Amino acid sequence: MTIKKALNPLRSPIIAVVVLALLVLVAIGVKARVWRNPGAVASNPQQLIPTHGPVQVVRFTLYDAGIYPREVRARAGLIAVAIEDLSGGTQGLALTRVVNGQPLPVGLVERFANHWRGRSEIRLNAGRYEVFDSSRPSNRATLVVEP
């Protein structure tokens, strides 16, 4: 192939359009794959119940110095716990239910791979839940689930 043919103005735009179309298709495929995998797999059988119906979203932001907000209120039912990690790296946000002064593990919300955010949907009954940064257990907040 000669240089004259390679630099032909009619061929270059066609190749550019084909390459651009392929890149768009790959980007759509990657986005669809991420969308189909919304969060970490629950380790608690209570969380493995099929999740249908309206979802409440509660958000926690993890910092080196603590978790914001310190307290969140929601109604009993399906709750999506979303996290944003601004602490520079965490293993996730652990949820425990406080019953008679004893913490019972409920679940763990982990960050998505190579992202600062994570989300997990959990069906919660009325009660008081403590959330803490599993990498910094002294950083705590409270989730109050009302009936």
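The values are calculated or read from the model by the stated rules, or taken from the named source; none is laboratory data. These figures come from a predicted structure and were not determined experimentally. Cβ: placed from backbone, ideal geometry, glycine included. Neighbour counts: every protein chain shown. We work out accessible area using only protein heavy atoms, side chains counted, and drop any ligands, DNA or RNA first. Shrake-Rupley method; radii C 1.70, N 1.55, O 1.52, S 1.80 Å.
Among the residues of the range 97-111, what is the count of those that are free of Cβ contacts under 8 Å to residues at least 12 places away in the same chain and in contact with a strand residue (DSSP E or B) (Cβ under 6 Å, 6 or more places away or on another chain)?
1
Can you pull out the residues in the range 67-76 that are within 19 Å of the chain's Cα centre (by Cα) and either small (Gly, Ala, Ser) or open to solvent by 50 Å² or more (accessible area, probe 1.4 Å) (or both)?
Tyr68, Ala74
Just wondering, is there one or more residues in the range 85-96 that are out of contact with any strand residue (DSSP E or B) (no Cβ under 8 Å at 6 or more places or on another chain), open to solvent by less than 60 Å² (accessible area, probe 1.4 Å) and over 21 Å from Glu146 (Cβ atoms)?
Yes, the range 85-96 contains a residue that is out of contact with any strand residue (DSSP E or B) (no Cβ under 8 Å at 6 or more places or on another chain), open to solvent by less than 60 Å² (accessible area, probe 1.4 Å) and over 21 Å from Glu146 (Cβ atoms).
With (1) assigned to a loop (DSSP other than H, G, I, E, B); (2) over 15 Å from Ser134 (Cα atoms) as the list, and Gln91 as the residue in question, which single condition is left unmet?
(2)
Could you list, in sequence order, the residues of the range 97-110 that are within 17 Å of the chain's Cα centre (by Cα) and open to solvent by 50 Å² or more (accessible area, probe 1.4 Å)?
Those that are within 17 Å of the chain's Cα centre (by Cα) and open to solvent by 50 Å² or more (accessible area, probe 1.4 Å): Leu108, Glu110.
Can you tell me which residue among Glu146, Glu84, Glu121 is out of contact with any Leu (no Cβ under 8 Å at 6 or more places or on another chain), under 21 Å from Gln56 (Cβ atoms) and of a type in the set (Asp, Glu)?
Being out of contact with any Leu (no Cβ under 8 Å at 6 or more places or on another chain), under 21 Å from Gln56 (Cβ atoms) and of a type in the set (Asp, Glu) holds for just one of Glu146, Glu84, Glu121, which is Glu146.
Out of all the residues in the range 110-139, which are of a type outside the set (A, V, I, L, M, F, W, C), more than 22 Å from Val99 (Cα to Cα) and not in a strand (DSSP E or B)?
Once the filter is applied, which keeps residues that are of a type outside the set (A, V, I, L, M, F, W, C), more than 22 Å from Val99 (Cα to Cα) and not in a strand (DSSP E or B), the range 110-139 yields Glu110, Asn114, His115, Ser135.
Kindly establish whether Ala65 is outside any strand (DSSP E or B) and hydrophobic (A, V, I, L, M, F, W, C).
Judged against the criteria, Ala65 is a match.
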